[in-house]
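Visitor: Let me begin by handing over the structure; questions about it come next.
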Amino acid sequence: MRDRLTRLLGNRGEKTAARYLRRQGFKILARQYVNRIGEIDLIAIEEESLVFVEVKTRRSLSAGSPHEAIDHRKQQKLTRTALAYLKYHRLLEQSYRFDVVSIYWPYGLKQPEITHYRNAFSPSGFGQMY
């Protein structure tokens, strides 16, 4: 039951983040992109850059702010997943970055607190984006 509620909150957060980014001028290309390596919540274009977006949504700050959950291991997995996307779509020369949208949405609040971290981290791990 808890996993299901977490998934519902995550989906709601991703929809909210996509709406927020569109208002900021982003064009959303994909939502919940999955390949054999992992998942990327949102893939978007802003101006000339491809943007891989990780969305973290939480109801409470007891375990820290949502963006703090994106540790080095998660960054490595996102890097590998993004690299596979770029290779598959023949976009290795495309400029890109990794953004994070942190959503704090306590119970009873109609509108969440949204924080957008542009260029939140650099590619990491083996098989970097070179």
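Visitor: Which one of these does residue 67 not meet: (1) outside any loop (DSSP other than H, G, I, E, B); (2) under 16 Å from the mean Cα position of the chain (by Cα); (3) more than 24 Å from residue 5 (Cα to Cα); (4) not hydroxyl-bearing (Ser, Thr, Tyr)?
Guide: Result: residue 67 fails condition (3) only.
Visitor: Then there is this: Out of (1) touching a helix residue (DSSP H, G or I) at 6+ places or on another chain (Cβ under 7 Å); (2) open to solvent by 50 Å² or more (accessible area, probe 1.4 Å); (3) under 18 Å from residue 97 (Cα atoms); (4) not aliphatic (A, V, I, L, M), what's the single condition that is false for residue 27?
Guide: (1)
Visitor: Hey, can you tell me all the residues within region 102-123 that are part of a loop (DSSP other than H, G, I, E, B), touching a Lys or Arg at 6+ places or on another chain (Cβ under 7 Å) and surrounded by 11 or more Cβ atoms within 10 Å (Cβ to Cβ)?
Guide: Result: 105, 106.
Visitor: Can you work out which of the residues in region 73-99 that are in contact with a Gly (Cβ under 8 Å, 6 or more places away or on another chain) and of a type outside the set (D, E, K, R) is surrounded by the fewest Cβ atoms within 10 Å (Cβ to Cβ)?
Guide: Taking the candidates together, the pick is 76.
Visitor: Then there is this: Pull up region 31-64, narrow it to residues that are without any contact (Cβ under 8 Å) to a residue 40 or more places away in the chain and outside any strand (DSSP E or B), then point me to the one that is least open to solvent (accessible area, probe 1.4 Å).
Guide: 64
Visitor: Next up: Taking residue 102, is it among the polar types (S, T, N, Q), free of Cβ contacts under 8 Å to residues at least 60 places away in the same chain and in contact with a helix residue (DSSP H, G or I) (Cβ under 6 Å, 6 or more places away or on another chain)?
Guide: So residue 102 fits the description; yes.
Visitor: Can you name every residue in region 81-116 that is more than 20 Å from residue 21 (Cβ to Cβ) and acidic (Asp, Glu)?
Guide: 93
Visitor: For region 21-41, what are the residues that are closer than 15 Å to residue 114 by Cβ and touching a strand residue (DSSP E or B) at 6+ places or on another chain (Cβ under 8 Å)?
Guide: Correct list: 21, 22, 24, 26, 41.
Visitor: Look at residue 4 and say whether it is outside any loop (DSSP other than H, G, I, E, B), within 20 Å of residue 93 (Cα to Cα) and over 11 Å from the mean Cα position of the chain (by Cα).
Guide: no
Visitor: With the requirement that a residue be at pLDDT 90 or above and of a type in the set (D, E, K, R), what does region 1-21 give you?
Guide: Matches in region 1-21: 14, 15, 19.
Visitor: Going through region 73-101 one residue at a time, which ones are aromatic (Phe, Trp, Tyr) and either under 11 Å from residue 40 (Cβ atoms) or not in a helix (DSSP H, G or I) (or both)?
Guide: The answer is 85, 96, 98.
The values are calculated or read from the model by the stated rules, or taken from the named source; none is laboratory data. This structure is a prediction, so every number in the text was calculated from the model and none was measured. Neighbour counts are summed over all protein chains in view; Cβ atoms, including those assigned to glycine, are modelled from backbone coordinates with ideal geometry. Please note that ligands, DNA and RNA were not included when accessible areas were found on the heavy atoms of the full protein model with its side chains. Shrake-Rupley method; radii C 1.70, N 1.55, O 1.52, S 1.80 Å.
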